[in-house]
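All remarks here apply to the structure that follows.
The values are calculated or read from the model by the stated rules, or taken from the named source; none is laboratory data. All values derive from a computational prediction rather than experimental measurement. Using ideal geometry, Cβ is built from the backbone for each residue, glycine included, and neighbour counts are taken over all protein chains shown. Ligands, DNA and RNA are excluded from the accessible area calculation, which covers all protein heavy atoms including side chains. Shrake-Rupley method; radii C 1.70, N 1.55, O 1.52, S 1.80 Å.
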Amino acid sequence: MSNKYYEFFCPVKVIAGKAALEHIPYELSGMAATRPMIVTDKGVRAAGLLDPVIAACEESGLEIVSIYDDVPPDSSTAVVRDIAGVYRSEKCDSIIAVGGGSAIDTAKAVNILVSEGGDDIAAYAGAGVLKRPLKPFFVVPTTAGTGSEVTAVAVIADTEKHVKLPFTSSFLLPNAAIIDPRMTLTLPPHITAATAMDAMTHATEAFTCMAKNPLSDAYATAAIKKISNSLLAVMDNPKDADNRLELAEASTMAGIAFSNSMVGLVHALGHATGAICQLPHGLCMSLYLPYVLEYNIESIREPLGELLLYLDGPEVYAATPASRRAEASISAIRRMRDALYKHCKLPRTLKETGKVVEEQLERIAEVALDDGAIMFNPKEVTLEDAKAVLRRAWA
Amino acid sequence: MIAKRIQPMAFQARRLYVELMFQVMGRALQAVSEVDATVQKDASALPEGFLFEMMVMPQGSSLIVEHVGNGRFHYHGNSAPRPVDLSIQFKHIAHAFLVLSFQEKTSVAFANDRMLVDGDISYAIRMTRVLNRLESFILPKLVAKRAVKEYPANLHLPEKLMSAARIYLKVASNFVETVRA
């Protein structure tokens, strides 16, 4: 009897493509929601990304009752409490998050408070605390990378106790994710590149780490193919709506993949580097990906070699001997990073970031060793291993 | 027909095995923290008074150890003196049996969603490292390879035998003390 076992869960309705935003009123009405609140940040509003969302709702006679546009990059328990207060005072009955990871995580936490009651979001921290569905909740991502629209996790900082509170429950998943190419059309090149590489890393780690499964594999490989085919086209022509949509879809698919199969050492190192050196998450992912794949290579030779088909296409895959495909996959990722460096100077080494000093590597390695993602890395990582990967990624 | 009759006995045997293994592991955790510097280093990052629990859901067997300072653990049996800080919970006794009979590695059990972590994930990772180190010491290499993600390359036979002997001696003494008490 096979020892294989896996779980896969994604109940999020994905609404993707041209005029996707215009489906929001119908979808809300299907959940008997008539008083939505938008949760977003100042950057999204300044970029004019709320306008098509509001217009789509108003045109259908749906009034956006309240807009909270002051979500900070690292959201806190106080912000969540404030937004929940506005939601209650305005008698809203649903939430639409418009933004990146922070706005989406904040909205997930707000949804807990307004559905379960109380003002102390910390009381709901942890896994499996929530026992029933929350209020209607839609997500409109404005970056193509985090995949937060399909993950059952939110992280909120408790600034008084100086800890990050994790929330895990399938009830945090939105009812619908609306993927509209208009939302990512104006993303600056370096953010486009970093977030796409974030999605690439989600998919690559989902496909090569310990909890991979046939369903997450299907999403991961499809996401890698879309990113490989579309990222450089978007970098050449940022207004290319078709390829923008491909990247946005890839991000959601990579999110579905990694939320069902977890990630590994790239994320462990990236989380640690982000916390210690304040580097953006997507940039860390792009930076560490090839070095970690090289470190893991003997444990993941087969799946990594398989990825060559999606990274470089069938001709290259067929022309490459099976024994060399894993190395060829890493080379393809390196070539993509080199091209992005040419386009927008997306750093390929820690030194190129200009924000990390060599003395910090030891601390990064120590913190990475305690990161939850390391559990799912196919190779057991020691402190010396982590330091060795960091030294290779240094310059 | 025979299978149906045997099944309750098999379930009972499984339950007893898991209970016994929790008792051995709890005592062995205390012992290894008195013997091994690497374990002490890992454990010393935990807050003093930190209570760690491994249990079978919903209210099955459990083991509870406390970090009493300087990287040392104290085994509390199956009842905690106060609410635990970190709990690793097997969803079913069958899953606990798979791990404790070394048919499934701890890391694989995590990847297979056999267990839930209630508490700080970074402490859970630390405790898993300690458990892996313990298993590498006390199990024959062939069995340990089935239990841990990677058998430590720098753990050589003399160190393994010496440490294992000291751990087993301490576990046996602890069992005797418990019986006497």
### Query
Where both partners of a DSSP beta bridge lie in the protein assembly as shown, what percent of those bridges are antiparallel, to the nearest 5?
40 percent
### Query
What percentage of the solvent-accessible surface of the stretch B:2-180, computed with a 1.4 Å probe over protein heavy atoms, is contributed by carbon and sulfur atoms?
58 percent
#### Entry: Amide H contacts of A:Ile95 (H built 1.01 Å from N, under 5 Å, at least 5 apart or other chain)
A:Met37, A:Phe137, A:Phe138
### Message
Rounding to the nearest 10 and keeping the result within 0 to 90°, find how far the Cα-based axis of helix B:157-180 lies from the longest principal axis of chain B.
### Response
70 degrees
### Message
Whole-Hz ³J(HN,Hα) for each residue in the stretch B:101-114, computed from phi via Karplus 6.51 cos²θ - 1.76 cosθ + 1.60 with θ = phi - 60°, x for glycine and proline: what do you get?
### Response
9, 6, 8, 9, 5, 4, 5, 5, 4, 5, 4, 8, 6, 6
### Using θ = phi - 60° and Karplus 6.51 cos²θ - 1.76 cosθ + 1.60, couplings along the stretch A:321-330 (whole Hz; Gly, Pro as x)
x, 3, 6, 10, 5, 4, 5, 5, 5, 5
### Task
Between beta-carbons, use under 10 Å as the cut-off and find the net charge around A:Ala176, counting Lys and Arg +1, Asp and Glu -1.
-1
### Query
Relative to the first principal axis of the alpha-carbon coordinates of chain A, what is the inclination of helix A:189-208, with its axis defined by its Cα atoms, in degrees from 0 to 90 and to the nearest 10?
70 degrees
### Query
Quick one: if the Förster radius is 35 Å, what FRET efficiency do A:Ala319 and B:Ala45 give, using the C-beta to C-beta distance and rounding to 0.05?
0.10
### Message
For the interface of chains A and B, what total accessible area is buried with a 1.4 Å probe, rounded to the nearest 100 Å²?
### Response
1600 Å²
### Query
Ranked from the most accessible area to the least, with a 1.4 Å probe and all protein chains present, what is the order of A:Val266, B:Val179?
B:Val179, A:Val266
### Query
Just counting partner chain Cβ atoms within 10 Å, what average do the residues of peptide B:118-127 show around their Cβ?
4
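If R₀ is 56 angstrom, what is the calculated FRET efficiency for the pair B:Arg180 and A:Val357, using the beta carbon separation as r and rounding to 0.05?
After rounding to 0.05, the efficiency reads 0.45.
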### Task
Using label points projected 7 Å from each Cα along Cα→Cβ, tell me how many nm separate A:Phe9 and B:Arg82, to one decimal.
3.3 nm
### Message
Quick check on chain B: helices-only [θ] at 222 nm, where DSSP H runs of length 4 and up contribute -39,500 (n - 2.57) each and the sum goes over total residues. Nearest 500, please.
### Response
-19000 deg cm²/dmol
### Task
Give me the percent of the accessible area of the stretch A:187-394 that comes from carbon and sulfur atoms, probe 1.4 Å, all protein chains in place.
55 percent
### Summary
Rounded to one decimal in nm, the spacing of the 7 Å Cα→Cβ label points at A:Thr159 and B:Lys91 is 3.8 nm
## Note on the structure
Per-residue ellipticity at 222 nm attributable to helices in chain A (runs of n ≥ 4 DSSP H, -39500 (n - 2.57) apiece, nearest 500 deg cm²/dmol) works out to -17000 deg cm²/dmol
### Accessible surface ranking that places the most exposed of B:Ile121, A:Ile227 first, with a 1.4 angstrom probe
B:Ile121, A:Ile227
### Summary
Among B:Met57, B:Pro47, B:Leu20, the residue whose Cα sits farthest towards the positive end of the charge dipole of chain B (+1 at Cβ of Lys and Arg, -1 at Cβ of Asp and Glu, taken about the Cα centre) is B:Leu20
### Query
Which value, in Å², gives the accessible area per residue of the protein assembly as shown when a 1.4 Å probe is used on the protein heavy atoms?
44 Å²
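Over the Cα atoms of chain A, what is the Rg over Rh ratio if Rh follows Kirkwood? Mind showing how you got there, number by number?
Numbers: Rg = 20.5 Å, Rh = 21.3 Å.
With Rh from the inverse mean 1/r over Cα pairs, Rg/Rh is 0.96.
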#### Entry: Where chymotrypsin sites (Phe, Trp or Tyr not before Pro) fall in DSSP loop in the stretch A:138-203, at most 12 other Cβ within 10 Å
none
### Query
Within the stretch B:2-180, what percent of beta bridges assigned by DSSP are antiparallel, to the nearest 5?
70 percent
### Message
For chain A, set up a GNM with springs between Cα atoms under 10 Å and report which of A:Ile276, A:Ile224, A:Ile256 has the largest fluctuation.
### Response
A:Ile276
### Query
Which percent of the accessible heavy-atom area of the stretch A:13-182 goes to carbon and sulfur, probe 1.4 angstrom?
52 percent
### Task
Set Lys and Arg Cβ to +1 and Asp and Glu Cβ to -1, take the dipole of chain B about its Cα centre, and tell me which of B:Val130, B:Met9, B:His74 lies farthest positive.
B:Met9
### Task
First measure r as the distance between the Cβ atoms of A:Asp74 and A:Ala47, then evaluate 1/(1 + (r/R0)^6) with R0 = 22 Å and state the FRET efficiency to the nearest 0.05.
0.65
#### Entry: 10 Å beta-carbon shell around A:Ala272, net charge (K/R +1, D/E -1)
-2
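Taking the Cα centre of the protein assembly as shown as origin, sum charge times position over the Cβ atoms of Lys and Arg (+1) and Asp and Glu (-1), and report the length of that vector in debye to the nearest 20.
1800 debye
Viscosity 0.890 mPa s, temperature 25 °C: what is the translational diffusion coefficient of the stretch B:2-180 from Stokes-Einstein with a Kirkwood Rh over Cα pairs, rounded to a whole number of µm²/s?
Diffusion coefficient, whole number: 148 µm²/s.
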#### Entry: Where trypsin sites (Lys or Arg not before Pro) fall in DSSP loop in the stretch A:1-104, at most 12 other Cβ within 10 Å
A:Lys4, A:Lys18, A:Lys91
#### Entry: Partner lysines for B:Lys41 [C-alpha distance under 28 Å; skip if fewer than 8 residues away on the same chain]
A:Lys161, A:Lys164, A:Lys379, A:Lys387, B:Lys105, B:Lys141, B:Lys145, B:Lys149, B:Lys160, B:Lys170
